[in-house]
1. Residues with amide H under 5 Å of A:Arg273's amide H, sequence separation 5 or more or different chain, H placed in the peptide plane at 1.01 Å from N; which?
2. For chain C, find the longest principal axis of its Cα atoms and tell me its angle to the long axis of helix C:320-329, 0 to 90°, nearest 10.
3. Over all pairs of distinct alpha carbons, what does the Kirkwood formula give as the hydrodynamic radius of chain B, in Å?
4. Would the range D:2-125 count as rounded, prolate or oblate if I go by the C-alpha gyration tensor, calling it rounded below 1.5 in a/c and otherwise prolate when a/b exceeds b/c, oblate otherwise?
5. For the range D:2-125, give the share of DSSP beta bridges that are antiparallel, in percent and rounded to the nearest 5; count only bridges with both residues there.
6. Is the C-alpha gyration tensor of the range C:59-197 telling us rounded, prolate or oblate? Criteria: a/c under 1.5 is rounded; beyond that, a/b larger than b/c is prolate, otherwise oblate.
7. Specify the inter-centroid distance of the range C:164-188 and the range B:112-134, based on alpha-carbon positions, in whole Å.
8. Which percent, nearest 5, of DSSP beta bridges in the protein assembly as shown are antiparallel?
There are 4 protein chains.
Amino acid sequence: MIRAGIIGATGYAGAELVRILAGHPGVELTAVTSRRYAGKPFGEVFPAMAGVVDLVCEELDIAGLCGRTDVVFLALPHKIPMALVPEIAGLGKKVVDLSADFRFSDIGLYEQHYQAHTAKELNKDAVYGLCEIYREKIRKAVIIGNPGCYPTSILLPLIPLLKKGLINPDTIISDSKSGVSGAGRSVSLTTHFCEVNESYRAYKIAAHRHNPEINEVLTREAGSPVHITFVPHLVPMTRGMLTTTYASLNKDAKETDIRNCIADYYAGRYFVRMRPDENPPDTLHVRGTNFCDIGVRIDRHNNRLILISAIDNLVKGAAGQAVQNMNIMYGLDEAAGLDIVPCPV
Amino acid sequence: MIRAGIIGATGYAGAELVRILAGHPGVELTAVTSRRYAGKPFGEVFPAMAGVVDLVCEELDIAGLCGRTDVVFLALPHKIPMALVPEIAGLGKKVVDLSADFRFSDIGLYEQHYQAHTAKELNKDAVYGLCEIYREKIRKAVIIGNPGCYPTSILLPLIPLLKKGLINPDTIISDSKSGVSGAGRSVSLTTHFCEVNESYRAYKIAAHRHNPEINEVLTREAGSPVHITFVPHLVPMTRGMLTTTYASLNKDAKETDIRNCIADYYAGRYFVRMRPDENPPDTLHVRGTNFCDIGVRIDRHNNRLILISAIDNLVKGAAGQAVQNMNIMYGLDEAAGLDIVPCPV
Amino acid sequence: MIRAGIIGATGYAGAELVRILAGHPGVELTAVTSRRYAGKPFGEVFPAMAGVVDLVCEELDIAGLCGRTDVVFLALPHKIPMALVPEIAGLGKKVVDLSADFRFSDIGLYEQHYQAHTAKELNKDAVYGLCEIYREKIRKAVIIGNPGCYPTSILLPLIPLLKKGLINPDTIISDSKSGVSGAGRSVSLTTHFCEVNESYRAYKIAAHRHNPEINEVLTREAGSPVHITFVPHLVPMTRGMLTTTYASLNKDAKETDIRNCIADYYAGRYFVRMRPDENPPDTLHVRGTNFCDIGVRIDRHNNRLILISAIDNLVKGAAGQAVQNMNIMYGLDEAAGLDIVPCPV
Amino acid sequence: MIRAGIIGATGYAGAELVRILAGHPGVELTAVTSRRYAGKPFGEVFPAMAGVVDLVCEELDIAGLCGRTDVVFLALPHKIPMALVPEIAGLGKKVVDLSADFRFSDIGLYEQHYQAHTAKELNKDAVYGLCEIYREKIRKAVIIGNPGCYPTSILLPLIPLLKKGLINPDTIISDSKSGVSGAGRSVSLTTHFCEVNESYRAYKIAAHRHNPEINEVLTREAGSPVHITFVPHLVPMTRGMLTTTYASLNKDAKETDIRNCIADYYAGRYFVRMRPDENPPDTLHVRGTNFCDIGVRIDRHNNRLILISAIDNLVKGAAGQAVQNMNIMYGLDEAAGLDIVPCPV
């Protein structure tokens, strides 16, 4: 059994890690920390877990925690993880960090959009944990920068097409929509029920910090600079993320060509599902799961490709992919603990 | 492996059976039928299941189905099951029927509220599958009448108190609230999104067919006639059921007495969770699970007890309890396949 | 034109007052105050109002505000109004206070459930503004204690029946359900979208401060002590409140007797609508309106009455009734500014 | 008083017409028809209107209806209106048709996307009722083809920019999102609460019949062929439509240039509101109103414009604009009956 600990277990991503790891057949969850709820049983903070998860939230004590864990998940706001990871890694533990701190290869890009990086040496060895793309690197990684939710939904359908040169990188627009849990568990007027219900709005228009993260990965995979237009929106639902991506086709590719390109690229990868025209991706279809559902249409008049991708922002967009990364690092079946049967509704 | 079949697998209760049985470690799901979707892969009808459940919906052919199954679940409108169960039982299969057809001991009561019963002989041997109450009978049963969702939420907190004579049976009022999935997957104005959103309403006020079902069980357990007042309401959410039950206390019992009476009765039963005052039952806490959460308060001025019970109407209120019944019939751990870790939100 | 000012205009009840008064044909809205948003245009705080309401939020300056107003509405947390009202009333202005500070006749009851009252002399002359019951007193009032939302929904159907002795006051139970806007605009985990969505729960069970308010009015109207059991619940919707009230019938009254008793009592009162059995009250039917819809059923077996009443918690339960009070005080048509045509959905 | 009749008054657009016209100071609503509910009081079909709207739904009898009306609104599925309008117009009545039947100048385009047109002569004189663009023509019109909801949200922000040549017409992409009421009141699995809640999905991807309608108007206004990429999505909310439109800038225009171009074009037009960056358009801000809120951002790296526009699909996207058209036809204030103060939430 792999002994796992979670730092920051009482935010939504952290609690989702608890859900998945508590049901993982190869993992023993040995420690959950929470600054706010230290001393409280986890099942008191999330009563859904009462009687299911027996852990008590702890104050963070890295040495103590590392003595009881093999792998440490960090589900904290960016900036904090890079202060903690050096000690954790120094104690020989594997790390999956859900913040942005270890996602960037170009540390200058990180510093431009976030703040000064204080663990640059470690960052060099960190691997961007987009599992379907970087599996080989992840196998050998010690520190994983777990991808953002928006980047995951955008990168998976695009990368195979960019690598094959099927689309024009200068024309990529991603119109993304997220459920409210993506905004975290902190209270704010933005997440107040009455301000979300019957509301649909864009935010951080062409100014979201996931944009440089997306650009860096696409640029690396395309082999030339890519800078997409990215607009996130908030949808009145708890979970789910759907991205509609537009791009001009380089050639007269047919829908089946595009579909096959993506399907071939992800052949044998359990968590990518190609959806047929009559059943396009829907956040309800991936709710609570680690799937990324992908749909393809072409606006023939404009020779413009339309990609639809749906994930659960808390699972494939956060905790699920984090566990998938752990599975790969430990040579387990990629789907271990993640092969949860989806609810019909 | 127990081979299970589901007749009527594409309604919400049927599809929830698919979800649970597909993830059950001791079960092989061998057949799913659907009149409407016969010939279609189940994962096309419920795209959430694409790549997870490989079965194709079949036309109902009882002999064929029974050749491939040990236990048959029926998730159909009442009246149809009693026409099918004789043949299924005649072929030596165990039956869990989710309709009302085999729930009543007093066939006259059934006939008064539903229609003429056409399988009275079989009904005699059928067991009312309220697992925490009738486990011993369920062990030996061949036909289970799986309880209604409202009855389950109402009976579990009340029975221990009635058996101990702690409350006055003439004063019981259950004010119940259900999510929309309880109304099934059939389309109707009542379940149209725009007519449900921002709507809260009562329906079948003191006239719901679950009322006689509740009365019969309470009467049996109390040992004297019980006829509660029951008012169901519809809540703008997909899943979940919460019942607030009111009853006059027979004695000057304290909250702890009531709480202990219920807790002792269900000691060791995984799926009943007593909730503390500061964390009363909430449908969100039981969503997707087989738990029944129970809370207790006393209005001391009126010496009136207030019981709160929450279940997921599709799980403990339907498919989950059905599988729990199967587990008991086969001597498995009661929680096999049902120990799904709940989502935090 | 009556010149009106609102103190605390940027909470939900205050903003709803702005909505109604801005469309009132006999009112000029001359001042809105907000501690938090002072200096900001109201249309910036509530962008829905941009281009419609031109006022700028002010710091509270009672003398200044009273110089520009004839009537002052206070939409503030209790305790603050009783510190402000003496000065406002001293300047000869009429007052409608939406808090609990001037709702109680028995100041001891207020002090037991809230805190020491600091304006007892004024409280003596304040009138409880339940418009359909106390119209004559309201006509002559200078200070109105505007009723709570739960009390409004509970009192209106009950009072005619209690006055006629049709029900047993010792058996009254009100099971109430409120939309989330009732919890106000302050941020909290309780109103976080993800904690409300798919959630239904009771809170302050038999311990809500509206309970003594209800009891005092019922006791006064019944002429003997009444202490009801009251349990509020939170529903995942923005607006709306529905109460299901249970009480034993004193006589063998028929549904039509009960219905007629209530209908006769409110004959000619625009805002009370009796609903037929086939169309029971629904929060969606009163959304955005000042109506109180009432339905009646009898559980004949238990000779128990079931009353259903629906209001919009922000309108008839707060701002709408406040304006109705103003209309009565000024001798206007009771429905002036409140005869807004409801949306179909 | 203008006497108005509504044919098809019990769908959502028709009922919304009732709401608006019943509150219109210059209109007497004299007839509402409904095939399904003929003979029923309108307030029984929509209980929200009980006591407010006194009309009884009628069977359609054109001659009878026209005898009591000056203007007739048709809120019916396309194909039916073109069979009725000739008789209505022949009786000298003004017509506002909410279907697609009289929206197209190029009848061939209509026939390609809908069916054979059976009232071509009348179509020649019909005016496309996009009020802010075609006011002068509307003044003199007898038959109005009331614009679709998606076209309204897309055309308003784009037309001023296209007329000024500020954007490249070949690059226009509109990613639109609609509340569920846009799908009408007919029951279907697509609008079942449980299939919509927690669901976000695209539909009719680059294949929606509003696409040719949009193209025709943009082509006319731009003076050269425009064919946009259009993808509609369904949002789990009742009302509201938000479109995010992307287009490459022709010049190095600044955000203020774009904003000013649109603002100047709509100067003095009440229903277009330019929103500042810190308060981008939100469906909640326009709920129940006839406003179209517009926001502007530029992705400077790609020199790509991002336009956000929000309307209420049932108001500015249907019934509200229809009444605005009537107002213009009769020389009333454009906002008569439509200057409803918006709800804060």
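1. Result for A:Arg273 returns A:Cys292, A:Asp293, A:Ile294.
2. Between the helix axis and the principal axis of chain C, the angle is about 80 degrees.
3. Taking every pair of different Cα atoms in chain B, averaging 1/r and inverting gives 20.4 Å.
4. Since a/c reaches 1.5 and a/b is larger than b/c, the shape of the range D:2-125 is classed as prolate.
5. The antiparallel proportion sits near 5 percent.
6. Since a/c reaches 1.5 but b/c is at least a/b, the shape of the range C:59-197 is classed as oblate.
7. So the separation of the two Cα centres works out to 38 Å.
8. Expressed as a percentage, antiparallel bridges in the protein assembly as shown total about 45.
Any read-out appearing in this document is the output of simple, stated calculations on the displayed coordinates, not a laboratory observation. Since the structure is predicted, the reported quantities are computational estimates derived from the model, not experimental observations. Here the Cβ is made from the backbone with ideal geometry for all residues, glycine too, and neighbour counts use every protein chain on show.
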